[in-house]
1. Order 55-67, 29-41 from most to least packed using the mean count of other Cβ atoms within 10 Å.
2. Between rounded, prolate and oblate, where does the stretch 49-115 land on the alpha carbon gyration tensor, with a ≥ b ≥ c its root eigenvalues, rounded for a/c under 1.5, else prolate if a/b exceeds b/c?
3. Heavy atoms only, probe 1.4 angstrom, no DNA, RNA or ligands counted: give me Ile99, Ile28 ranked by accessible area, highest first.
4. What lysines could a cross-link reach from Lys43, if we take a straight Cα to Cα line under 23 Å and drop same-chain neighbours fewer than 8 places away?
5. Can you pull the three principal axis extents for the Cα set of the chain, in Å, largest first?
6. Ignoring ligands, DNA and RNA, what accessible area per residue does the chain give at 1.4 Å, in Å²?
7. Averaging sequence separations of C-alpha pairs under 8 Å and six or more residues apart, then dividing by the length of the chain, give the relative contact order as a whole percent.
8. Could you look at the stretch 1-87 and say what percent of its accessible area is carbon and sulfur, using a 1.4 Å probe and all protein chains?
Amino acid sequence: QVQLVESGGGLVQPGGSLRLSCAASGSIFTIQAMGWYRQAPGKQRELVARITSGGSTNYADSVKGRFTISRDNAKSTVYLHMNSLKPEDTAVYYCNALINWNDYWGQGTQVTVSS
């Protein structure tokens, strides 16, 4: 079994920064990709950013230039560096990973951008 544990959410003022972390543990043989999704109240869950085992990344248009995804392969951890945060970034952020060709989700971490 594989577990994803997220951390780093919280309350931040507009224009501020946060870093989310997601660590995978358990019976990991290969990690194909890791990423972040978010879901705001009343909205569908959407992809924020994703990084493959080869290092390829893709981002939602709404976060390009403000968010950066990175990973530490040795720690099976993915990070989401969020800068210039806006109120519309407020959502529950979920870690997602394709590990051993199975799809896993974290429990979610709340990010609130408000003054």
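1. 29-41, 55-67
2. prolate
3. In descending accessible area the options line up as Ile28, Ile99.
4. Lys64, Lys86
5. 43, 24, 23
6. 52 Å²
7. On the way: 281 pairs, mean separation 42.9, N = 115.
Result for the chain is 37 percent.
8. 48 percent
The values are calculated or read from the model by the stated rules, or taken from the named source; none is laboratory data. As the structure is a prediction and not an experimental result, all values here were calculated from the model. Cβ atoms come from the backbone with ideal geometry, glycine included; neighbour counts cover every protein chain shown. For the accessible areas, the whole protein counts, side chains as well, though only heavy atoms, and no ligand, DNA or RNA atoms are used. Shrake-Rupley method; radii C 1.70, N 1.55, O 1.52, S 1.80 Å.
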